[in-house]
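Here's the structure we're looking at; comments come further down.
The values are calculated or read from the model by the stated rules, or taken from the named source; none is laboratory data. Worth saying up front: this structure is predicted, and the values here are computed from it rather than measured. Cβ: placed from backbone, ideal geometry, glycine included. Neighbour counts: every protein chain shown. Remember, those area values only see protein heavy atoms, side chains included, never the ligands or the DNA or RNA. Shrake-Rupley method; radii C 1.70, N 1.55, O 1.52, S 1.80 Å.
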Amino acid sequence: MPELPEVETTLRGISPHIAMKTVSAVEVRQPKLRWPIHSELPQILPGQTVLDCQRRAKYLIIQFNTGILLIHLGMSGSLRIFTAGGERIDTHDRHDHVDICFSDGTLLRYRDPRKFGAFLWYEGIAEHHPLLEKLGPEPLSDGFDAKYLYKKLKPLKRAVKLALMDNAVVVGVGNIYANESLFKAGILPQRPACKVTKKECALLAETIKVVLQRAIDTGGSTLRDFVNSDGKSGYFQQEYAVYGRHNAPCLQCGQLIQKQTLGQRGTFYCAYCQK
């Protein structure tokens, strides 16, 4: 599943091509995603201008005159940009579900082989959308720091990795980046969240920021079907220290990387380097 760095990479890829441009047409070929696409979207958007593009957690928010498009890439979704005179856009396959055409010939295409993503129209401000209004802070924001993290983890008896993947605690720290951050902070993912000290919370909060920023800088990870807006894969997977490295030697101590299932997700760690 595309995580925060992949979504941020997508945002940075599409925003320069569609910001302040006017929609000329919308084609919905498959309206049945995780939630149905608004049946009148092809009538709502033409003539409206993209005022802003943002990201909140793993959601992309495209702001128009009268509302927002809230987009989630699901398990395998992607957004591609096609420009006038570039790659041909008059052909598509069965996984290309939505096209938004702009008056200058630019096309934004939503592709989702598994159809588990979302393409939602909402006539209101993003902060009031039911999917967004109860989310925790962004991990790269000033609001996510040692003091905040310690306060949120202190009452929790569940595994610290599961706490980090809870959107009510912090958004966007998915499975890959939780594994990598806990390794770099030297904290076992199975440790009860309430047992993480103030000092460790300071290191963990900073490590999460560093890991996510590095992933963004390298274009995210190659996650099965994920590609960015140019159709290219990310490269952060080449820097994984533990994720997906079960029984491979730890890059720090040489001991074998272990694997355990937590919350139905693969959890990778070094039992020697993490305590």
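Of the solvent-accessible surface of the chain, computed with a 1.4 Å probe and all protein chains present, 50% belongs to carbon and sulfur. Model label points for residue 66 and residue 191, set 7 angstrom from Cα along the Cα-to-Cβ axis, are 5.4 nm apart. Its DSSP H runs of at least 4 residues, each contributing -39,500 (n - 2.57), put the calculated 222 nm mean residue ellipticity of the chain at -7000 deg cm²/dmol, to the nearest 500. Estimated at 0.36 nm per residue, the fully extended path between residue 151 and residue 103 surpasses their Cα-Cα distance by 12.3 nm. Counting only protein chain heavy atoms and rolling a 1.4 Å probe, the accessible areas of 35, 121 rank, largest first, as 35, 121. Counted residue by residue at 0.36 nm each, then reduced by the alpha carbon distance between them, the extension gain from residue 214 to residue 128 reaches 27.9 nm. How would segment 1-41 be classified by its alpha-carbon gyration tensor: rounded, prolate or oblate, with rounded meaning a/c under 1.5 and the a/b versus b/c comparison settling the rest? Oblate, because a/c is 1.5 or more while a/b does not exceed b/c. About the centre of its Cα atoms, the chain shows a dipole size close to 1520 debye [charges on the beta carbon of Lys, Arg (+1) and Asp, Glu (-1) only; nearest 20 debye]. When peptides 108-116, 46-54 are ranked by their average number of other Cβ atoms within 10 Å per residue, the highest-first order is 108-116, 46-54. Distance from the Cα centroid of segment 243-262 to that of segment 130-206 is 21 Å (rounded to whole angstrom). Kirkwood analysis of the Cα pair distances in segment 92-144 returns a hydrodynamic radius of 14.4 Å.
Compute the FRET efficiency between residue 43 and residue 239 as 1/(1 + (r/R0)^6), taking r as their Cβ-Cβ distance and R0 = 30 Å, and round to the nearest 0.05. It comes out at approximately 0.05. Evaluate the Debye formula for segment 1-109 with equal point scatterers sitting on the alpha carbons, no solvent, and hand back log10 of I(q)/I(0) at q = 0.13, 0.17 Å⁻¹, in q order, two decimals. Log-scaled intensity ratios, in q order: -0.45, -0.82. Size of the chain: Rg and Dmax of its alpha carbons, in Å, are 20.0, 60.
Within a straight-line Cα-Cα reach of under 20 Å, residue 199 can be paired with the following aspartates and glutamates, leaving aside sequence neighbours fewer than 8 residues apart in one chain: 142, 145, 180.
Comparing Cα centroids, segment 9-56 and segment 60-129 end up 5 angstrom apart. Accessible surface calculations at 1.4 Å, restricted to protein heavy atoms, place the chain at 46 Å² per residue. My understanding is that a pair violates if its Cα-Cα distance is over 31 Å; which of 32/147; 32/151; 21/161; 21/115; 58/184; 157/209 do that in this structure? Pairs exceeding the cut-off: 32/147; 32/151; 21/161.
What would the Debye formula give as log10 I(q)/I(0) at q = 0.14, 0.17, 0.21 Å⁻¹ for the alpha-carbon point model of segment 146-269, no solvent? Ignoring solvent entirely, the Cα scatterers give -0.60, -0.87, -1.25.
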